[in-house]
1. Among the candidates 144, 107, single out the residue that is surrounded by fewer than 18 Cβ atoms within 10 Å (Cβ to Cβ), closer than 30 Å to residue 165 by Cβ and modelled with pLDDT of 95 or more.
2. Being more than 10 Å from the chain's Cα centre (by Cα) and either buried (at least 19 other Cβ atoms within 10 Å of the Cβ) or within 16 Å of residue 143 (Cβ to Cβ) (or both) is the filter here; which residues of the stretch 122-132 pass it?
3. Could you list, in sequence order, all residues of the stretch 53-64 that are surrounded by 12 or more Cβ atoms within 10 Å (Cβ to Cβ) and in a loop (DSSP other than H, G, I, E, B)?
4. Of all the residues that make up the stretch 147-165, how many are surrounded by fewer than 16 Cβ atoms within 10 Å (Cβ to Cβ) and either more than 30 Å from residue 120 (Cα to Cα) or in the same structural domain as residue 106 (by TED's automatic domain parsing) (or both)?
5. What is the one condition in (1) touching a strand residue (DSSP E or B) at 6+ places or on another chain (Cβ under 6 Å); (2) farther than 30 Å from residue 93 by Cβ; (3) at pLDDT 85 or above that residue 171 does not satisfy?
6. Scan the stretch 206-218 and tell me whether some residue there is over 30 Å from residue 69 (Cβ atoms), touching a residue at least 12 places away in the same chain (Cβ under 8 Å) and surrounded by fewer than 14 Cβ atoms within 10 Å (Cβ to Cβ).
7. Return the residues of the stretch 166-192 that are loosely packed, with under 11 Cβ neighbours inside 10 Å and part of a loop (DSSP other than H, G, I, E, B); say none if nothing qualifies.
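The values are calculated or read from the model by the stated rules, or taken from the named source; none is laboratory data. Please read all numbers here as calculations on a predicted model, not as lab measurements. Ideal geometry is used to build each Cβ from the backbone, glycine not excepted, and the neighbour counts take in all protein chains shown.
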């Protein structure tokens, strides 16, 4: 059997352990490594030194390039997030001791990846529709461009709008080359026509002149 004094020591130690480590801290407190509850530091601050019986928690401000956006019992501030133009982002709001950087998507880009706080962390350039296609719906900050193929009888040289092939006949011209989805038909001027009713008299006149010339040479 344990001596009474040792038994009392274990009981008191266990009771103390339950008081220190078993209790929950308040909503504005944090638990230290030795199980004590100390007042949290405010936004923009972190713990320099835990509280003691004689003094409250000692806090220190976040240095440049770091922030803390909530009351806490931490010893280090969070690093500010960069807004990299190479990832399609620019800085909309600078980082402050109490809040992180706010990044936004560059014009002509859309977000492909979001961070845990629903802010964009990576963006890519909008798709450019190819020749033979039209832009069905332009890209936004959150969606890519949607393209569609031009229907038969239409073309698109720059991937923006599909335009109907030119009606050569309506312009008094003839089609010399077919169109496709990337280029228009090619029209040319109608070649001058020689009426068949004039061909016979012209030939007859030429033959008559030739015959008279031959007769003249024969007499000479």
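1. Selected residue: 144, the only one of 144, 107 that is surrounded by fewer than 18 Cβ atoms within 10 Å (Cβ to Cβ), closer than 30 Å to residue 165 by Cβ and modelled with pLDDT of 95 or more.
2. Of everything in the stretch 122-132, those that are more than 10 Å from the chain's Cα centre (by Cα) and either buried (at least 19 other Cβ atoms within 10 Å of the Cβ) or within 16 Å of residue 143 (Cβ to Cβ) (or both) turn out to be 128, 129.
3. Listed by number, the residues that qualify are 57, 62.
4. Matching residues across the stretch 147-165 total 9.
5. (1)
6. No - not one qualifying residue is present in the stretch 206-218.
7. Scanning the stretch 166-192 gives 172, 178, 191, 192.
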